[in-house]
Each structure stands twice: as C-alpha cells, then as structure tokens.
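Everything on this sheet refers to the single structure shown next.
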C-alpha cells in the first residue's frame, strides 16, 4: 500500500504543476500571477485592463483587473478600502458574504472579501447560476493603482484552484 501511495504522490504533484504552468507576467501593468490557462487581455477603458483565464475544464475563472490613475488619499484607511470594495461589488452586481479582512501584499494595503453574483448570459443558455467569488483588492499608492485579483466558480463547482491563484499574485 505504501508503494502505491508513493507512486501517486508524484503524479498528483505533476498534475498540479501542469495546471499552473508558470507565471503570466504583465510588466507594463506591474504584476505576475499563475493563471490556470492562457490569459485573455482586454482594455476596458483607458485606465482599466482585465486579464482573464478559465480554470481546467472551465470549472472556475481567474481574473486580474488593473485600474490606473486612481485618486488615493494621503493615508489609505479601512474606510477608503471598503469604499473601493463597495464600488467593485456594485459594478459586478455582487453581494458580499461575510466580513472583509485586511492584510498587506508586498507592503501595500489590501482588503480580502467573498461575494456572490448571478451568472445569466448566452454562455449559460440563459440559465441563471449563483457564483461565489473570492477576491482581494490591492492598493498601490506609489503608482495610483488598484489591483482586483479574483477567482470565482458556479456554486457547487470545484473551487480548489482559486486560492492557489490568489496566492500566486505578486507585484513587480
């Protein structure tokens, strides 16, 4: 029995390595992250760029949205971060579940949250699904940028890669 377990462990580790094969580096936008697949880049507005990839089998989605030229206060407070989080939630028609928590990412203040939203579009044959999104907003005052790093999946689907993606995000 030990031999079988020992043989399976390298195979499991190898499959995980293939799922997150290297970091996607966006030098112009100052970040890198281990997306689960090829990344699609879209410029939404002159100040907002989005980077998206679907997880294996389309089970979940990974996204980094970079907003430039954000007016930052002298001191980035919890109230300021909560205000920006509220804007993100409203813009994505999301409802926050649970409370926010605060941390830093490479010395920059960040807020972590989980939210739900409804997916209802032509890609779902107009069937509505509840989706759960885990996210962090990172405030880089020196560049007047906010990074929204998020992963989501339809409720009940495999979300196992989302935290790994969120943890892989780094500023450059």
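The values are calculated or read from the model by the stated rules, or taken from the named source; none is laboratory data. Everything numeric in this text was worked out from a predicted model, so none of it was measured. Cβ coordinates were reconstructed from backbone atoms using ideal geometry, including for glycine residues, and neighbour counts include every protein chain displayed.
A few comments on the model shown:
- Filtered residue count, the range 44-86, keeping only those that are surrounded by fewer than 20 Cβ atoms within 10 Å (Cβ to Cβ), within 16 Å of the chain's Cα centre (by Cα) and at pLDDT below 95: 4
- Residue count, the range 88-111 (criterion: surrounded by fewer than 17 Cβ atoms within 10 Å (Cβ to Cβ), over 24 Å from residue 58 (Cα atoms) and at pLDDT 90 or above): 9
- Subset of the range 16-35 (residues that are within 19 Å of residue 58 (Cα to Cα) and modelled with pLDDT of 95 or more): 24, 33, 34, 35
- Restricting attention to the range 133-172, the residues being free of Cβ contacts under 8 Å to residues at least 40 places away in the same chain, crowded, with 17+ Cβ neighbours inside 10 Å and closer than 15 Å to residue 24 by Cα number 1.
- Qualifying position, being over 16 Å from residue 133 (Cβ atoms) and exposed (fewer than 15 other Cβ atoms within 10 Å of the Cβ), among 30, 40: 40
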